[in-house]
Amino acid sequence: MNILQMAALSIKFIRNKGSDNMSNQSNDIKKTADEVIRNNQNSNQRKQFVLWIVALVVGSVLGWLGNSTLNELFNFIATVFTRLFQFIAVPTIALAVITTLSALGAKKDTGKIFARTITYTLLTTISAAAVGLALYIFIAPGNLPAEIVGNAASDVPQNLGKLSYYDHFLSVIPNNALAPFISGNVLSVLLIAAAVGLGLAFMPKTENREVLLKGIQGLQELLFTLIRALITALPVGILAFSAQLSAQIEAGVIVGALGKYTLVVLGGNFIQFFVVLPIFMLLRGLNPIHVFKKMSPALAVALFTKSSAATLPVTLASAENNLKVNHSISRFVLPICTTINMNGCAAFILVTSLFVMQNAGFELSFGTMITWLFIAVFAAIGNAGVPMGCYFLTLSLMSGVGAPIGVMGLILPIYTIIDMIETAENVWSDSTVCAMTDHDLAEVIEHKTELHPAVN
């Protein structure tokens with residue numbers, strides 16, 4: 001080897017080494033940047049959580065003061081936030097399902113996600129109803145005085161008492177493309193969105209299809225920009241919601257004398273929330289405390305809005321940005337769960353139906369109770385498109401079997417607090433199903449980041 005060849009090799013070696021060093025430096029810089037971004041996100045999340053807790057405490061104190069001027073202001077702010085959540089909830093469901101199904105509809109992964117979603121939804125909902133039934137048998141609420149029940153019948157909305165359960169199911173089947181979006185019938189919206197998403201997945205991949213998809217994805221990006229703005233202002237809403245609730249409690253609005261019945265309903269919700277659902281996650285190898293911390297913003301919003309659908313934008317944001325759920329899974333699972341995964345509703349329908357029938361003199365054998373357990377589960381799945389949810393579904397069921405509905409009038413004043421806890425439980429169950437599905441399919445479905453995140 002001559003001197004020139006040796007020199008050329010030396011230069012090549014130096015260049016290669018320099019290139020390797022630059023590559024290593026670039027990787028180190030990228031790792032450092034990623035770590036800084038993660039630490040900053042975690043810091044922002046902690047600050048946000050602390051701010052929400054402060055708003056919760058301050059709002060509770062202000063609401064308890066009983067100042068009528070402040071209470072009117074808080075009621076106004078709470079109503080504004082509730083309307084804003086409802087405004088973005090329906091398009092969030094539609095766009096999330098359409099974009100996800102259009103990307104996954106023709107792939108085998110869709111079946112895997114859907115199968116786990118339905119399986120976990122049925123398991124958690126049946127377990128919630130079973131817990132309610134076990135508590136009902138153990139605590140054994142007694143009958144209410146007939147005179148009180150008769151007087152309370154006038155408090156029940158009479159026009160809704162005459163509706164049949166078939167009417168509620170028929171209201172889910174859309175006969176107009178715009179009506180479900182205008183009325184906020186989320187089950188109908190889900191059916192339309194699923195049809196459109198699957199249609200896009202299986203239609204020929206033409207230029208028109210690509211233009212349509214880009215337009216839909218642009219609308220979704222715009223929607224998530226609005227969600228970011230709403231979440232930024234959310235501490236004001238939480239302050240107003242907590243003040244509103246505190247004022248109601250101080251005024252004696254949420255007080256009832258139903259005793260054991262109330263204990264069964266609320267006790268069942270707490271057991272499902274703090275015991276049963278965490279067990280599901282532990283069995284799938286998840287840490288329920290970790291999931292709870294990451295999803296706590298959605299649970300707080302659900303508690304005060306009393307609407308799983310209205311909470312969906314925050315649920316999506318918490319799942320994708322805090323819990324780091326695969327976007328393809330979260331945007332498929334959560335909209336579906338929001339409409340059919342009703343743990344708290346199933347327990348309420350079962351316990352309330354048994355209580356009403358017991359007061360009407362119906363014989364409640366163990367076989368009858370098991371039958372009503374499954375009736376409650378499937379009724380809860382059909383709840384999303386019904387105004388005022390579980391209460392009116394139960395009212396319709398009781399009217400259908402000919403049971404006196406005066407007891408429902410006694411339950412109505414305390415339903416506000418029941419509805420709050422039920423909604424939080426429903427969103428917690430949605431989060432559980434989503435987390436378990438994401439964990440099960442972590443190595444099967446590629447983690448896609450091209451979808452626009454709900455919150456940056």
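Can you give the FRET efficiency for ALA179 and LEU219, using 1/(1 + (r/R0)^6), R0 = 22 Å, r = Cβ-Cβ distance, to the nearest 0.05? Walk me through the intermediate numbers first.
Working: r = 20 Å, r/R0 = 0.90.
The computed FRET efficiency comes out at 0.65.
How much length is gained if the chain between VAL57 and LEU170 is pulled fully straight, taking 0.36 nm per residue apart and subtracting their Cα-Cα distance, in nm to one decimal?
On the way: separation 113, 0.36 × 113 = 40.68 nm, distance 4.35 nm.
Length gained, VAL57 through LEU170: 36.3 nm.
Could you order the peptides 296-307, 56-67 from most to least packed, using the average number of other C-beta atoms within 10 Å per residue? Spell out each step's value before the answer.
On the way: 296-307: 23.6, 56-67: 16.8.
Result, highest mean Cβ count within 10 Å first: 296-307, 56-67.
Give the distance, in whole Å, between the Cα centre of the range 170-248 and the Cα centre of the range 70-103.
Going from one Cα centre to the other spans 9 Å.
Expressed as a rounded percentage, what relative contact order does the range 63-440 have, with Cα pairs under 8 Å and six or more residues apart?
Values: 517 pairs, mean separation 129.6, N = 378.
Computed value for the range 63-440: 34 percent relative contact order.
Return ILE279, ILE231 ranked ascending by Cβ neighbour count within 10 Å, so the fewest neighbours appear first. Numbers along the way, then the final one.
Values: ILE279 11, ILE231 20.
Exposure proxy ranking, most exposed first: ILE279, ILE231.
Counting other C-beta atoms within 10 Å, which of SER188, SER183 has the fewest, and how do the rest follow?
Numbers: SER188 24, SER183 15.
The order, fewest Cβ neighbours first, is SER183, SER188.
Every read-out reported here was derived from the displayed coordinates using simple, explicitly stated rules and does not represent laboratory data. This structure is a prediction, so every number in the text was calculated from the model and none was measured. With ideal geometry, Cβ positions are generated from the backbone for all residues, glycine too; neighbour counts draw on all protein chains shown.
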